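First comes the structure, then the notes that go with it.
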Amino acid sequence: MAENTLDRAAKNIILSLQDYALLSGRALSNLFRRPLTLADIFTQADSIGVGSIPIVLLTGFFTGGVLALQTSASLSQFGAGAITGQLVSFSMIKELGPVLTGLMVSGRNASGMASELGSMIVTEQVDAMRALGSDPLKKLVMPRLVATVVMLFFLAILSDMVGIMGGGAIAVFMLGQDGSQYFHSSYQSLVFGDIFQGLVKPVFFGFIIASIGCFYGMSTKGGTQGVGRATTQAVVVSSVLIIASDFVISRLMIGIFGR
Amino acid sequence: MADAAQAEQAAGKRETWSQTHPGEPVVVFDGVSLRSGGHTVLDNISFRVMGGETRIILGPAGVGKSVLLKLANGLIRPDSGTITVFGENVGRLREDDLFTLRAHIGMVFQEGALFDSLTVRDNVAYRLNEDHVAEEEVDRRVREALRFVELEDTIDKFPSQLSGGMRRRVSIARAIISDPELVLYDSPTGGLDPITSTTIIEIVVKQRDFYNSSSLLVTHRLQDAFTLATHRFNDGNNKMEKLPDGKVNENTTFLVLHEGKLVFDGSTLDLVHSEDPFIREFIE
Ligand SMILES: Nc1ncnc2c1ncn2[C@@H]1O[C@H](COP(=O)(O)OP(=O)(O)OP(=O)(O)O)[C@@H](O)[C@H]1O
Ligand SMILES: [Mg+2]
């Protein structure tokens, strides 16, 4: 009995994984097929990228600020208060910028995509699209994938910058540190590997957000309740995957760059 | 009537599939079965639709009528049996080839399924825009299609601003804008008042008699089914009229589904004279 349930659960997981891979693969293959509809990509880029700027600015700034606040005390104990800037910039660029932006955009857009596509599924708009001879993977999924990957890349950079500035503001105005020393230490010790790591992560996270959001949206079943379920699952799964893949990518990068 | 004549000319210019394949059925269901979550939705269904024929599908709620139309359009694949549309096995076609095939099939969904983020104009023009048809031509054809369903003045509205019956008619306009040879109507009059229903049936009759398209039509309203069978389109006054002497349209025939099986396949007269207790109960 229990074995049966386990069996079925395992089979379902494999089937879902297969569907997920098919959806992502086929959506991406549309990138290389002419004509490419840039208009759909721009519309999505606008709603995902521009729409997310305020939350990315706010979280970035306060994260940088709190990092400076919390670490400067410990660093000063060892007489190393001068490298507060370095610590903030390392943390922001390699970890917190990409991860927090990813989580924020996941909460905002993975849910948005799942509920939008889910509603289109339950009102048969996706079937109507197929019946009218156009591919929903090309019209709906591909533009969201491309737009999220590109936009998250720039949003993460924005978050890094605002975070370092937020840390600077705290260091200077609240901790009384020297501003030029802070900014000097924050970029002086950065090497290519750190920046590269910080730029690779948002590309993966963007892909996770859009593909998971679209996957749960496109596999919505059972009316409005199903849309709610798809939305929640999309946010939960994409957030967990972002954090898990962050670990994997970090480990890989340390392997490659040695830091 | 000038543009109607123009449209006729345009329709006549292109060779249709039934013209190049005379005597071949447009749609063939052969032993089609579909199961869903352990129960059988459709069980060994076989029938055919010839060129210019209208087949009315009747049956109680939940018997699988909508599913049957989706199967015909390749939106769902059958578990067994073959479905042939325009000579192609839709159960086996790749999705890309299905998109090509569907260029000749119009579908009206049960709930309309209009794109709620697009205006009526963009909904109706969807197919033309996808094919990158020139702007002026799109405009002309959208107006023509909307005039056909008598909704020209809604062109800039959004679907949420329309009544149920209007949405249904926009959905018909969207389905027929590319002059499809096969139209699949899923309950086009479901949940509508008798007057609006008659307007919609008139559109279906016009599409049948004026453009000679083949169709599969699901309906819950027996009355509409009989109107379809006993009326013809008069292009002189652009109205539907009753056939003289109580005659029925030879090309309009019936399919009745019951508990997943096809229990009736025949003409209007056969249907009204059927002895089958289920059919008797259903049509009375
Ligand atoms: N994509 C699908 N695949 C398999 N089974 C389905 C699918 N969609 C619906 N079904 C099942 O098919 C059955 C018939 O549904 P369908 O919508 O075709 O009924 P219907 O005859 O159109 O009913 P109504 O008259 O209320 O519109 C339902 O039990 C439903 O669960
Ligand atoms: Mg139905």
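Evaluating B:ILE57 against the criteria (1) within 16 Å of ligand 2 (Cβ to nearest atom); (2) within 14 Å of chain A (Cβ to nearest Cβ); (3) crowded, with 22+ Cβ neighbours inside 10 Å leaves one unmet condition, (2).
For segment A:208-218, state whether one or more residues are under 12 Å from the mean Cα position of the chain (by Cα) and without any contact (Cβ under 8 Å) to a residue 60 or more places away in the chain. No, that holds for no residue. Is it the case that segment A:168-181 has a residue that's without any contact (Cβ under 8 Å) to a residue 12 or more places away in the chain, in contact with a Gly (Cβ under 7 Å, 6 or more places away or on another chain) and surrounded by fewer than 16 Cβ atoms within 10 Å (Cβ to Cβ)? Checked against the condition, which is being without any contact (Cβ under 8 Å) to a residue 12 or more places away in the chain, in contact with a Gly (Cβ under 7 Å, 6 or more places away or on another chain) and surrounded by fewer than 16 Cβ atoms within 10 Å (Cβ to Cβ), segment A:168-181 yields at least one hit.
Just give me the residues in segment A:100-126 being aliphatic (A, V, I, L, M) and buried (at least 22 other Cβ atoms within 10 Å of the Cβ), in sequence order. Walk me through how you get there before you give the answer.
Restricting attention to segment A:100-126, the residues satisfying the condition of being aliphatic (A, V, I, L, M) are A:100, A:103-105, A:110, A:113-114, A:117, A:120-122, A:126.
Passing the criteria: A:VAL105, A:ALA110, A:MET113, A:ALA114, A:LEU117, A:MET120, A:VAL126.
Listed by position, the helices (runs of 4 or more DSSP H) enclosed by segment A:63-169 that each have at least 1 residues that are within 14 Å of chain B (Cβ to nearest Cβ) are A:111-122, A:125-131. Taking B:PHE233, is it more than 24 Å from B:ARG147 (Cα to Cα), away from chain A (no Cβ under 14 Å) and away from ligand 2 (no atom under 16 Å from the Cβ)? Judged against the criteria, B:PHE233 is not a match. Count, please, the residues in segment B:135-170 that happen to be in contact with a helix residue (DSSP H, G or I) (Cβ under 8 Å, 6 or more places away or on another chain) and either within 16 Å of ligand 2 (Cβ to nearest atom) or closer than 27 Å to B:ALA61 by Cα (or both). Qualifying residue count, segment B:135-170: 8.
Restricting to segment A:40-84, give me the number of residues that are within 24 Å of A:PRO202 (Cβ to Cβ) and either aliphatic (A, V, I, L, M) or out of contact with any helix residue (DSSP H, G or I) (no Cβ under 9 Å at 6 or more places or on another chain) (or both). Even if it seems obvious, please write down each step before you answer.
Residues of segment A:40-84 that are within 24 Å of A:PRO202 (Cβ to Cβ), as a first pass: A:40-68, A:71.
Now narrow it down to the ones that are either aliphatic (A, V, I, L, M) or out of contact with any helix residue (DSSP H, G or I) (no Cβ under 9 Å at 6 or more places or on another chain) (or both): A:41, A:45, A:48, A:50, A:53-58, A:66-68.
Counting residues in segment A:40-84 that are within 24 Å of A:PRO202 (Cβ to Cβ) and either aliphatic (A, V, I, L, M) or out of contact with any helix residue (DSSP H, G or I) (no Cβ under 9 Å at 6 or more places or on another chain) (or both) gives 13.
Within segment B:28-65, restricting attention to residues that are away from ligand 1 (no atom under 16 Å from the Cβ) and in contact with a helix residue (DSSP H, G or I) (Cβ under 6 Å, 6 or more places away or on another chain), which residue is farthest from B:THR253 (Cα to Cα)? The residue in question is B:GLY51.
Among residues of segment B:70-86 that are away from chain A (no Cβ under 14 Å) and at negative phi, those with a Cβ under 8 angstrom from a residue that is in a helix (DSSP H, G or I) and aliphatic (A, V, I, L, M), sequence gap 6+ or separate chain, pair up as B:PRO78/B:LEU71; B:ILE83/B:LEU71; B:ILE83/B:ALA72. Scanning segment B:155-184 for residues that are surrounded by fewer than 23 Cβ atoms within 10 Å (Cβ to Cβ), in a helix (DSSP H, G or I) and of a type in the set (Ser, Thr, Tyr) yields a single hit, B:SER160.
State whether one or more residues within segment B:61-69 are more than 14 Å from chain A (Cβ to nearest Cβ), of a type outside the set (Phe, Trp, Tyr) and away from ligand 2 (no atom under 16 Å from the Cβ). No, there is no match, as no residue in segment B:61-69 is more than 14 Å from chain A (Cβ to nearest Cβ), of a type outside the set (Phe, Trp, Tyr) and away from ligand 2 (no atom under 16 Å from the Cβ).
For segment B:223-253, the set of residues classified as under 19 Å from B:ILE195 (Cα atoms) and small (Gly, Ala, Ser) consists of B:ALA225, B:ALA229, listed by residue number. Selection of segment A:163-201 for residues being over 18 Å from A:VAL66 (Cα atoms) and aliphatic (A, V, I, L, M) yields A:LEU190, A:VAL191, A:ILE195, A:LEU199, A:VAL200.
Among the residues that make up segment A:45-53, is at least one of them within 20 Å of B:ASP122 (Cβ to Cβ) and either modelled with pLDDT under 95 or not acidic (Asp, Glu) (or both)? I'd like the intermediate steps shown before the answer.
Of all residues in segment A:45-53, those within 20 Å of B:ASP122 (Cβ to Cβ) come to A:46-47.
So of that shortlist, the ones also either modelled with pLDDT under 95 or not acidic (Asp, Glu) (or both) come out as A:46-47.
Yes, there is a match, as at least one residue in segment A:45-53 is within 20 Å of B:ASP122 (Cβ to Cβ) and either modelled with pLDDT under 95 or not acidic (Asp, Glu) (or both).
Give, as residue ranges, the helices (runs of 4 or more DSSP H) completely inside segment B:88-137 that count at least 1 residues that are within 16 Å of B:ILE155 (Cβ to Cβ) and either among the hydroxyl-bearing types (Ser, Thr, Tyr) or more than 8 Å from chain A (Cβ to nearest Cβ) (or both).
Hits in segment B:88-137: B:120-124, B:126-130.
Within segment A:26-44, the residues that satisfy the criterion of being at pLDDT below 85 and among the basic types (Lys, Arg) are A:ARG33, A:ARG34. Picking from residues in segment B:182-204 that are at negative phi, within 14 Å of chain A (Cβ to nearest Cβ) and at pLDDT 85 or above, the one that is nearest to ligand 2 (Cβ to nearest atom) is B:ASP186.
Within segment B:28-54, the set of residues being more than 16 Å from ligand 2 (Cβ to nearest atom), buried (at least 23 other Cβ atoms within 10 Å of the Cβ) and under 22 Å from B:GLY190 (Cβ atoms) comprises just one member, B:THR54.
Looking at segment B:205-229, which of the residues that are assigned to a helix (DSSP H, G or I) and touching a residue at least 60 places away in the same chain (Cβ under 8 Å) is farthest from ligand 2 (Cβ to nearest atom)? Spell out the reasoning first.
Within segment B:205-229, the first condition is being assigned to a helix (DSSP H, G or I), and the residues that meet it are B:205-211, B:222-229.
Narrowing further to those that are touching a residue at least 60 places away in the same chain (Cβ under 8 Å): B:208, B:210-211, B:222, B:225, B:228-229.
Working: B:ARG208: 21, B:PHE210: 27, B:TYR211: 25, B:LEU222: 16, B:ALA225: 15, B:LEU228: 18, B:ALA229: 21 Å.
Among those that are assigned to a helix (DSSP H, G or I) and touching a residue at least 60 places away in the same chain (Cβ under 8 Å), it is B:PHE210.
The requirement of being within 13 Å of ligand 1 (Cβ to nearest atom), among the hydrophobic types (A, V, I, L, M, F, W, C) and out of contact with any His (no Cβ under 9 Å at 6 or more places or on another chain) is not satisfied by B:ILE83. Note on segment B:185-203: residues that are out of contact with any Ser or Thr (no Cβ under 8 Å at 6 or more places or on another chain) and in a loop (DSSP other than H, G, I, E, B) amount to 3.
The values are calculated or read from the model by the stated rules, or taken from the named source; none is laboratory data. None of the values given here were measured: they were computed from a predicted structure. Cβ coordinates were reconstructed from backbone atoms using ideal geometry, including for glycine residues, and neighbour counts include every protein chain displayed.
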